Amino acid sequence: MLNNADFSPHSTFVHASKQPKVAIFPYHSVPYVNSFCQAELNSDKIVKLKLTNNVNFLQQNFATMQWFYNEKYQVDWLILQFNQWFKTKNTKLMRGGHEPEYFAPTEHEPAKIVFAHGFFASCLHEISHWCVAGNKRRQLNDFGYWYAPDGRSEQQQQQFEQVEIVPQAIECLLSLSCGKRFLVSQDNLFADFDTSNSTFADDVAKQAIKFFSTGEKLPSDAKFLIAQLQKLRPFPLTLGEIERNFASFN
C-alpha cells in the first residue's frame, strides 16, 4: 500500500477516466480534493494517494474533472467486494434496471439484493435494509416489509419515516466511509400535506451519531461492512464529519 504519494493530475486522472482499471474514491474538503483512494476492480488491492503540496495543483477544482463522476466503477468495485465479503451468507448484490427489490433465497438460487439503476446511493440504501433485516426477514421477499409508494397519506408517511430511521442512519455511515455525502430521503415528492414539521432528518442524524459513538444496536453485518469500507479512507471517519454532513438540513 502506498502512502503520501505525489502525482501529476494531467496523467493520472485523465488516464483513469478513459481506461479505468480502478474505482476512485475522493476524500476532500469542499470544493477541493485533498486525497483519494484507488481500489482495483478485480482484486482487494487498495492504494491511497495524497495530493502534492504544489500550490498551483492544490488550487484546481477537481470536482469538474470527469473521473470524479465516474460512478459505474465505484459500483463495480462495491458489488465485487460485497459478494466476496458475504459469500457465506448465500446473497448476491446486483444492479437492477428499475426499482430496487430483495429476492429471498430459494432451493436453487441465492438471495438477491437488487438496487435501482446502478446508482451507488441506491446500492448502499438496499444494503442497509439487508443489514437491518436479520436472518429471519431475509427469508422473505422484500424482507416482508410494508411499503406504500410516494403519494402516501400523512399517517403512512409518518410510519414510513419511523421504519427508515435505522437503515438510513446505517446508509449515512456507509456513504461517509466511501467519501460520499449522505442525503436523507423522505421519498415524498408527491405529498399533499405539510411536511415542514417532520423531524426525520434530525432523527436519522441522531441515530447515525449514536451508532458511530456507541455501536449500540448496530447490526453485526453493518458493523463489519463499515469497517471494511473505512479501509478506503486516508483518515478516520470522525463525529465532526457526520455532524457536518447534516448541517444543511438544520
TODO: Could you tell me whether the range 144-157 includes any residue that is touching a residue at least 12 places away in the same chain (Cβ under 8 Å), within 23 Å of Cys172 (Cβ to Cβ), buried (at least 17 other Cβ atoms within 10 Å of the Cβ) and of a type in the set (Phe, Trp, Tyr)?
DONE: no
TODO: Go through (1) more than 30 Å from Asp142 (Cβ to Cβ); (2) basic (Lys, Arg); (3) modelled with pLDDT of 75 or more one by one and return the number of the condition Lys50 breaks.
DONE: (3)
Task: Breaking point among (1) in contact (Cβ under 8 Å) with a residue 40 or more places away in the chain; (2) crowded, with 17+ Cβ neighbours inside 10 Å, for Glu71 - done: (2)
Open item on the list: Cβ contacts < 8 Å: first residue under 14 Å from Arg138 (Cα atoms) and free of Cβ contacts under 8 Å to residues at least 24 places away in the same chain, restricted to the range 99-111; second residue open to solvent by less than 40 Å² (accessible area, probe 1.4 Å) and part of a strand (DSSP E or B), any location; separation 6+ or different chain. Result?
Closed with: Pro110/Thr91
Task: Per-region count, the range 165-183, residues open to solvent by 10 Å² or more (accessible area, probe 1.4 Å) and assigned to a loop (DSSP other than H, G, I, E, B) - done: 4
Open item on the list: Residues to consider are Asp203, Asp221; find the one that is modelled with pLDDT of 90 or more and within 26 Å of Gln158 (Cβ to Cβ).
Closed with: Asp203
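The values are calculated or read from the model by the stated rules, or taken from the named source; none is laboratory data. Predicted, not measured: the structure shown is a model, and the values here were computed from it. Using ideal geometry, Cβ is built from the backbone for each residue, glycine included, and neighbour counts are taken over all protein chains shown. Side chains included, ligands, DNA and RNA excluded: accessible areas come from the protein's heavy atoms. Shrake-Rupley method; radii C 1.70, N 1.55, O 1.52, S 1.80 Å.
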